[in-house]
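Rule-based calculations on the coordinates, nothing more; no lab input. Bear in mind that the values here come from a model prediction, so they are computed numbers and not experimental data. Note: ideal-geometry Cβ built from the backbone for every residue, glycine included; neighbour counts use all protein chains shown.
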C-alpha cells in the first residue's frame, strides 16, 4: 500500500509545485488531486498542503482520508483560521493512533471553537475601539487552546464582555491564566468578592477590573497583573503597603492599616493575579 501511495504522493507534490496536478489512476486518487487543486485555489499555502500529503504517507491513510484533511484545510483557509495548529492537531491524533474520522471531527470542533472565540474577541475589540487587524492568528490559536481547557461558553462570554482595553496578546495571556487556574482547582471567587466589596477591598473605587461595575480611573486598570508584577509576593507587598514602592501613592495600605486581614489579602492576591 505504502509503495503505491508514495508514488501518487510524489506525483501530487511535483504536480502542485509545477502548478498542475497529474491525472490520478483511480477515482479515490482523483479525490486527492481535486482536494489539492481546491486547496491551492483557496489559497492554502504549499507547505500546508505538502504537510497533509506527507501525513497521509507516514500514517498510511486511504486517499479519501487524505482528501478529508485537505478539504478541512481549505475550509479553514476560507474562514481565515490559523492552519498550523489545526494540522498539528491532525498529526497529534494520528500519532496517537486515533481513528481518522475521530481526528477529523476533533479538527472541525477546534475550528468551531476558533470561530466562537474570534466572534467574542471582535466584539470586545469593537467595544474598546481596537482595529480587527490586531487579531493575529497566533493569538487566536492561544485563546482557542485556553478555551479548550475546561472553560464553558458562558465563562468565555463573561471574560470578553468584561475585558478592558488591551492587546490581543494580553487577552490571550489572561485567558490562558484563567484556564490554568480553573484546571488547578484554585478558587479565587472569595478574593473577587472581597475586592469588589465597597466596605472592604473597594478596588473598584480606583481601578477598572473585568466584571466590575462603575469603576474609578484614579489607578490603572487591573489587567495582565502577572506581567506587571514578577511574583505573587511582590503583588502582595503592593497591596499590603503600596507606600513602600511609592511614597506619594493614594492607594491605602490594606495590611499595614489592617483594612483587610492577612487571610483576606491572600485571597485578593489570588484573584488579582488572575487578571
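Results, tabulated for the structure shown:
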read-out: Filtered residues of the range 191-222 (kept if in contact with a helix residue (DSSP H, G or I) (Cβ under 9 Å, 6 or more places away or on another chain) and not in a loop (DSSP other than H, G, I, E, B)); value: 191, 192, 193, 194, 195, 196, 203, 204
read-out: Filter result (within 19 Å of residue 84 (Cβ to Cβ) and either in contact with a helix residue (DSSP H, G or I) (Cβ under 6 Å, 6 or more places away or on another chain) or surrounded by fewer than 15 Cβ atoms within 10 Å (Cβ to Cβ) (or both)) within the range 122-141; value: 135, 136, 138, 139, 140, 141
read-out: Residues being within 17 Å of residue 145 (Cα to Cα) and more than 15 Å from the chain's Cα centre (by Cα) - total across the range 108-135; value: 1
read-out: Selection within the range 239-254 - more than 15 Å from residue 220 (Cα to Cα), in a loop (DSSP other than H, G, I, E, B) and touching a helix residue (DSSP H, G or I) at 6+ places or on another chain (Cβ under 7 Å); value: 245, 253, 254
read-out: Candidates 158, 166, 172, 144 - the one that is part of a helix (DSSP H, G or I), under 24 Å from the mean Cα position of the chain (by Cα) and surrounded by fewer than 20 Cβ atoms within 10 Å (Cβ to Cβ); value: 158
read-out: Qualifying residue in the range 212-225 (condition: on the phi > 0 side of the Ramachandran plot and surrounded by fewer than 16 Cβ atoms within 10 Å (Cβ to Cβ)); value: yes
read-out: Residue 191 being touching a residue at least 12 places away in the same chain (Cβ under 8 Å), surrounded by fewer than 18 Cβ atoms within 10 Å (Cβ to Cβ), more than 24 Å from residue 248 (Cβ to Cβ) and out of contact with any strand residue (DSSP E or B) (no Cβ under 6 Å at 6 or more places or on another chain); value: no
